[in-house]
Amino acid sequence: MKIKLVSINPTIGYLKHNFEKILENIKRAKSENIDLIIFPELSLLGYPPLDLLDKKSFVEEAISYHQKIAEHSKDIGVIFGSVTRIDDQIGTNLFNSAIFCYDGEIKSIHRKSLLPNYDVFDEVRYFETSKEIHLLEFRDIKFGVTICEDAWNDKDFWVHQKYEFDPVEEVAKLGAEIIINISASPFSIGKEKVRTEMFSSIAKKHKKPVLFVNQVGANTDLIFDGGAKVFDRNGNLILASNRFEEDSVLFDTTKEYEKTNYTFPDDVEDIYNALILGIKDYCKKTSFTKVVLGLSGGIDSSLVAVLAKEALGPENVLCVMMPSQYSSEGSIKDSQKLIQNLGVKSTVIPIIDLFNEFRKSLKNEFQNLPEDVTEENLQSRIRGVLLMALSNKFGYLLLATGNKSELATGYATLYGDMCGGLAPISDVYKTKVYELARFINREKEIIPVEIINKIPSAELRPHQTDQDTLPPYDILDKILYYYIEEAKEVDEIVALGFERELVEKILKMVDRAEYKRKQAAPGLKVTNKAFGTGRRFPIVQRWR
């Protein structure tokens, strides 16, 4: 049997578009004499559909496409992901399902058993858990069909199991000869390695081939890296498609395959590719064709400019330099060099006169008071207003350029540098920003070396540096990682070799900045714990 696994890039809620994408691939597979084509989890709806599932009309429209897809299965078996419904007056009545069609009919439905309810996942809110496990029999082969999380509970692979039930083990007991897993598994650093090793372990344990197909593309903050894979009964990876793009693999059950020489990508390269896809799809799926950003001469805005250029092309990127009386000559010169290297559009709008007008307007209210962070923030907010004006007038999406270290500690200005419709690097620590810059420059200088070597500064007052407020980033980022991503507390972090006073200070900064993050632009998730839907802390709390 010839089986094709296709990673497609659906758009959430765009049912007609996703349906047409599925049909296009079915028609192509027919011309290739494929016996069975398999699409990712919720490929008809896009993942995650969230509260669209609360709309009865949306669910009904999605279900109406099932038979339309089945009509195109007269000469080919088709498995695709969608929502199904059972009207039993209990719970949500909805199931995250894999639907198998053949000979113009829906032959069987396989419902997801394990519903993730952690980090960015909230499937318990929308779907029912299926207790029923049955095999799919097609052309004398028995398949065990599982959906994403169903495979993430092997007691021999995980030290801690999240569920009592293992659907993979159940389909193996029922006599499945091949195990299928359709997924919408979001990207995060290191996940590709874990995912690959897990499916390899499952195949080896049950002595059965495992077929895995994942959604690709970005939907708001979540990036899906795709990647269809086939593992033989010994756990060897024998086929793998390209990641971060729509691609497929063809598995012939009658052939013998050699183990692939698959190498796991470097984390920095993975983040780079993920962020480019995230920007590209956010713009495409929200109908933006152009972006604008403030270019300060610093490393963060330089990185965002490079990513935007790679995602959308230089002709669709506008970089705006907005020097104040505190901007160094080097910042302007370095920015201009970067602009030339990238070939993007640019403009200069000085803010010195505007800043002075603001101070003049506030002179009576601020009489006899020393200048402080208020005046610093005024500069940032003036820049935010100017960038938003360009966005409104010319239809640009404004990209905020702050990194995760700044967002974590509140080292950012509300309604200033936090302005934007998307914050591409808000889940990238400052130290990782430098690694990405060096990766970009691996073959030739794109980001000027002067920018990379420059002492980080917001340039909002004379001789200002980030380290006036924050500890060195190599120390700060480690503390932030332990607190945010590993959920460690003061004593645990101190035990790792950090000064207690510093740890307490940083953790308080993170907690106090929660109100800023609640008002921040959506960011692209690349770590295990990003600020956004996967991290939910109250603004008003007095625990610490």
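The values are calculated or read from the model by the stated rules, or taken from the named source; none is laboratory data. Predicted, not measured: the structure shown is a model, and the values here were computed from it. All Cβ positions, even for glycine, are placed from backbone atoms using ideal geometry, and neighbour counts span all protein chains on display.
Name the single residue that is farthest from the chain's Cα centre (by Cα) among those in segment 499-532 being assigned to a loop (DSSP other than H, G, I, E, B) and over 25 Å from residue 268 (Cβ atoms).
Among those that are assigned to a loop (DSSP other than H, G, I, E, B) and over 25 Å from residue 268 (Cβ atoms), it is 499.
Provide a single number: the residues in segment 362-407 that are outside any helix (DSSP H, G or I), without any contact (Cβ under 8 Å) to a residue 24 or more places away in the chain and surrounded by 14 or more Cβ atoms within 10 Å (Cβ to Cβ).
The total comes to 2.
Hey, can you tell me all the residues within segment 28-54 that are hydroxyl-bearing (Ser, Thr, Tyr), under 28 Å from the mean Cα position of the chain (by Cα) and surrounded by fewer than 17 Cβ atoms within 10 Å (Cβ to Cβ)?
Just the residues of segment 28-54 that are hydroxyl-bearing (Ser, Thr, Tyr), to begin with: 31, 43, 47.
Subset that is under 28 Å from the mean Cα position of the chain (by Cα): 43, 47.
Across segment 28-54, there are no qualifying residues.
Residue 524 versus (1) of a type outside the set (Phe, Trp, Tyr); (2) surrounded by 16 or more Cβ atoms within 10 Å (Cβ to Cβ); (3) farther than 30 Å from residue 119 by Cβ: which is the lone unmet condition?
(3)
Give the residue that is nearest to residue 169 (Cα to Cα), with candidates limited to residues of segment 83-95 that are touching a strand residue (DSSP E or B) at 6+ places or on another chain (Cβ under 6 Å) and not charged (D, E, K, R).
Looking at residues that are touching a strand residue (DSSP E or B) at 6+ places or on another chain (Cβ under 6 Å) and not charged (D, E, K, R), I get 95.
Please list, ordered by first then second residue, the pairs with beta carbon atoms under 8 Å, 6 or more apart or interchain, first in segment 205-229 and part of a helix (DSSP H, G or I), second modelled with pLDDT under 95.
As it stands, the answer is 205/154; 205/156, since those pairs meet every condition given.
Taking the conditions exactly as written (buried (at least 21 other Cβ atoms within 10 Å of the Cβ), hydroxyl-bearing (Ser, Thr, Tyr) and assigned by TED's automatic domain parsing to the domain that holds residue 6), does residue 57 satisfy them or not?
Values: buried (at least 21 other Cβ atoms within 10 Å of the Cβ): no; hydroxyl-bearing (Ser, Thr, Tyr): yes; assigned by TED's automatic domain parsing to the domain that holds residue 6: yes.
So residue 57 fails the test.
I'd like the full set of residues that are in a helix (DSSP H, G or I) and either in contact (Cβ under 8 Å) with a residue 24 or more places away in the chain or touching a Lys or Arg at 6+ places or on another chain (Cβ under 8 Å) (or both), limited to segment 334-361.
Correct list: 334, 335, 337, 338, 339, 341, 342, 352, 354, 355, 358.
With 212, 224, 231, 244 as the choices, which residue is under 27 Å from residue 400 (Cβ atoms) and in contact with a helix residue (DSSP H, G or I) (Cβ under 7 Å, 6 or more places away or on another chain)?
244
All but one of (1) on the phi > 0 side of the Ramachandran plot; (2) assigned to a strand (DSSP E or B) hold for residue 6; which doesn't?
(1)
What number of residues within segment 302-327 are touching a strand residue (DSSP E or B) at 6+ places or on another chain (Cβ under 6 Å) and small (Gly, Ala, Ser)?
2
Could you grab me the full set of residues in segment 86-143 that are aliphatic (A, V, I, L, M), over 23 Å from the mean Cα position of the chain (by Cα) and not in a loop (DSSP other than H, G, I, E, B)? Lay out the reasoning, then the answer.
Quick first cut of segment 86-143, residues aliphatic (A, V, I, L, M) only: 86, 90, 94, 98-99, 106, 109, 114-115, 120, 124, 133, 135-136, 141.
Those still in the list that are over 23 Å from the mean Cα position of the chain (by Cα) too: 86, 90, 94, 98-99, 106, 109, 133, 135-136, 141.
Hits for segment 86-143 are 94, 98, 99, 106, 109, 136, 141.
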